[in-house]
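The structure under discussion appears below in the form of structure tokens.
The values are calculated or read from the model by the stated rules, or taken from the named source; none is laboratory data. Because the structure is a prediction, the values reported are computed rather than measured. Here the Cβ is made from the backbone with ideal geometry for all residues, glycine too, and neighbour counts use every protein chain on show. For accessibility, only protein heavy atoms count, side chains too; no ligands or nucleic acids. Shrake-Rupley method; radii C 1.70, N 1.55, O 1.52, S 1.80 Å.
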Amino acid sequence: MREAGYNVFNLRSEDVYIDLLTDSGTSAMSDRQWAALMTGDEAYAGSRSFFELESAVRDVMGYRFVVPTHQGRAAENILMTALVKEGDMVLGNAHFDTTEGHIMLRKATPVNLLTEEGYDPAAEAPFKGDIDLVKLEAALKEYGGRVPFVLLTVTCNNNGGQPVSMANIRATSELCRRYGVPLYFDAARFAENAYFIREREPGYGGRSVADISREMFSYGEGCTMSAKKDGLVNIGGFLAMNDEGFYQTAVQWEIVYEGFRTYGGMAGRDLAALAVGLREVEDLDYLENRVGQAAYLAQGLWAAGVPTVRPAGGHGVYVDAKAFLPHIPQPQFPGQRLVVELYLEGAVRAVELGTAAFAHRDPETGEMVYPRMELVRLAIPRRVYTDRHMDFVVHTFERIAARKASLTGLKMVYEAPVLRHFTARYEDLS
Ligand code: F0G
């Protein structure tokens with residue numbers, strides 16, 4: 001840890017036992033995906049693998065056009081280049097950090113409008129990813145023509161992998177239509193969101209995840225997708241939409257930034273594996289096991305007295321570091337301290353989503369502004385770990401809990417001007 005500057009991003013993966021840094025691109029592909037890989041058509045134009053992907057996107061999402069990209073943020077880049085201009089306000093439940101980055105690069109403002117309970121780690125509510133409809137309508141009224149679109153992130157990564165309800169999606173789409181603003185989805189974890197709707201929302205219990213996903217997407221004009229999550233592949237993404245005019249504009253940018261329209265940023269074999277993954281991810285047995293594993297880990301942590309965002313998310317569990325280490329003040333990185341201890345105690349790698357990731361200086365007053373939640377995310381790769389591994393993570397927490405009163409904070413000694421948590425270095429204050 002000393003060599004790594006107390007930053008787990010600087011570790012080699014061989015030095016990690018259980019890697020819960022991210023669920024992005026870390027999943028295991030199935031036998032069918034590996035088989036599809038072998039059939040990849042590497043033609044520059046008109047690749048058969050592209051048409052397989054197009055057909056999967058049409059079936060799974062119901063959108064007519066697909067623009068393949070090398071990963072999710074590249075799809076965001078094209079969406080923002082095409083639709084966002086200086087002074088715009090981009091509304092959403094909670095934009096992911098690369099999404100915010102792309103909005104701000106256009107000198108526009110990302111506006112997050114989660115409901116109040118979405119910000120309360122302890123609030124036990126079924127759909128904490130919902131957008132606040134009252135705030136949304138007020139913003140649509142206030143900003144008028146400066147809102148290029150509304151973006152709903154399903155599930156909502158920032159506050160714990162929390163789902164958005166169908167009722168909320170439907171109401172958002174009605175408001176958008178009333179104000180003449182299109183609705184898009186950040187669909188990175190769409191299947192997990194659809195599964196939660198099936199489990200938790202009245203009227204959806206008997207319906208298939210495929211059917212629920214199609215209904216979700218039918219309320220929007222298109223989506224960005226990081227295929228590294230619910231595409232079940234290790235790299236890739238796309239932008240999808242119904243509008244032909246927007247597709248043509250997007251293709252112009254795709255050709256400049258990514259590649260020709262039938263491969264974008266991906267190899268033909270990766271398009272083929274993604275076409276299979278997009279359908280596989282809607283399998284109910286898989287999703288029960290997947291979301292069930294996060295719930296299993298959360299239950300173990302609760303039994304050990306570890307406070308987490310409740311309920312467990314779709315892709316992992318988010319520990320409330322402020323509540324776990326209340327004696328370490330936020331400027332001394334309690335979340336990062338917990339990340340360091342998880343590694344020292346069990347060679348478990350997690351990620352801080354608190355002061356290191358989100359604190360920033362107010363441009364007017366120069367004062368540090370600290371995030372409301374100080375979280376440590378345990379993100380579970382898909383189809384990789386067993387529940388025994390989750391038990392080990394719980395035991396690691398138990399051992400840390402027994403000595404947590406003696407833990408001290410950290411001091412940041414190097415920080416980059418943007419996205420500082422990836423490369424920051426710290427000193428131990430003990
Ligand atoms: N949207 C969401 C909701 C995400 O969680 C991510 C990535 C992206 C977009 C960007 O996609 O990485 O393919 O370019 N999240 C990863 C994570 C990095 O660890 O949560 P990308």
Check your understanding: Which residues' amide hydrogens lie under 5 Å from the amide hydrogen of Val351, considering only partners 5 or more residues apart or on another chain, with H built in the peptide plane?
Key -> Arg377, Ala379
Revision key, fill the gap. The relative contact order of region 187-344, taking Cα pairs under 8 Å that sit 6 or more residues apart, comes to a percentage of 17
Point to revise | Distance histogram for the chain (every C-alpha pair counted, 10 angstrom bins, percent rounded to whole numbers) | key: 5, 22, 32, 27, 13, 2, 0
Study note, to complete from the structure: Filtered hits (lysines, Cα-Cα < 23 Å from Lys404, offset >= 8 within chain) -> Lys322
Practice item. Rank Val306, Val90, Val369 by mean-square fluctuation in a GNM of the chain with C-alpha springs under 10 angstrom and give only the top-ranked residue. Key: Val369
Check your understanding: Which longest run of the chain has no exposed loop site in it, a site being GluC sites (Glu not before Pro) in a DSSP loop with at most 10 other beta carbons within 10 Å, and the site itself not part of the run?
Key -> 125-363
Check your understanding: Points 7 angstrom from Cα along the Cβ direction at Ala295 and Val384: gap in nanometres?
Key -> 2.3
Exercise for review: Please give the helix 387-402 orientation as an angle from the longest Cα principal axis of the chain, in degrees from 0 to 90, rounded to the nearest 10.
Suggested key: 40
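If I stretch the segment between Glu199 and Glu415 completely, what's the gain in nm (0.36 nm per residue apart, minus their alpha carbon distance), one decimal?
Numbers: separation 216, 0.36 × 216 = 77.76 nm, distance 4.26 nm.
Full extension from Glu199 to Glu415 adds 73.5 nm.
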Review point. Amide H neighbours of Ala43 under 5 Å, counting only residues 5+ apart in sequence or on other chains, H built in-plane at 1.01 Å?
Key: Arg48
Practice item. Quick one: which residues, 5+ away or cross-chain, put their amide H under 5 Å from the amide H of Gly237? H built at 1.01 Å from N. Key: Thr69, Gln71, Ala227
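Could you tell me the relative contact order of the chain? Use alpha-carbon pairs under 8 Å, at least six residues apart, and round to a whole percent. Don't skip to the answer; put the middle values down first.
On the way: 925 pairs, mean separation 101.5, N = 430.
For the chain, the relative contact order is 24 percent.
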Check your understanding: Hey, what angle do you get for helix 284-303 against the long axis of the chain, alpha-carbon based, 0 to 90 degrees rounded to 10?
Key -> 20
Practice item. Work out how much length Trp302 to Tyr44 would gain on full extension: take 0.36 nm times their residue separation and subtract the Cα-Cα distance, in nm to one decimal. Key: 87.7 nm
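Using a Förster distance of 41 Å, how high is the FRET efficiency between Lys135 and Phe9, based on the Cβ-Cβ distance and rounded to 0.05?
Values: r = 34 Å, r/R0 = 0.83.
E(calc), rounded to 0.05, equals 0.75.
Solvent-accessible area per residue for region 31-280 at a 1.4 Å probe radius, Å²? Write down the numbers at each step before the final one.
Numbers: 9230 Å² over 250 residues.
Per residue, region 31-280 has 37 Å² of solvent-accessible surface.
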Check your understanding: Antiparallel DSSP bridges in region 31-280: what percent, to the nearest 5?
Key -> 50
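Ignoring ligands, DNA and RNA, what percent of the 1.4 Å accessible area of the chain is carbon and sulfur?
Working: 8870 of 17200 Å².
Exposed carbon and sulfur together represent 52 percent of the surface.
Output the relative contact order of region 31-280, whole-number percent, from Cα pairs under 8 angstrom with separation of 6+ residues. Don't jump to the answer; show the numbers that get you there.
Numbers: 531 pairs, mean separation 81.9, N = 250.
Relative contact order for region 31-280 comes out at 33 percent.
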Review point. Which loop trypsin sites (Lys or Arg not before Pro) in region 1-94, with loop taken from DSSP, have no more than 12 other Cβ atoms within 10 angstrom of their Cβ?
Key: Arg2, Arg12, Lys85
Study note, to complete from the structure: Hits in region 284-326: amide N under 18 Å from the 7 Å Cα→Cβ extension of Ala210, namely 284-288
Study note, to complete from the structure: Rounded to the nearest 10, the angle in degrees between the Cα long axis of helix 334-346 and the longest principal axis of the Cα atoms of the chain comes to 80
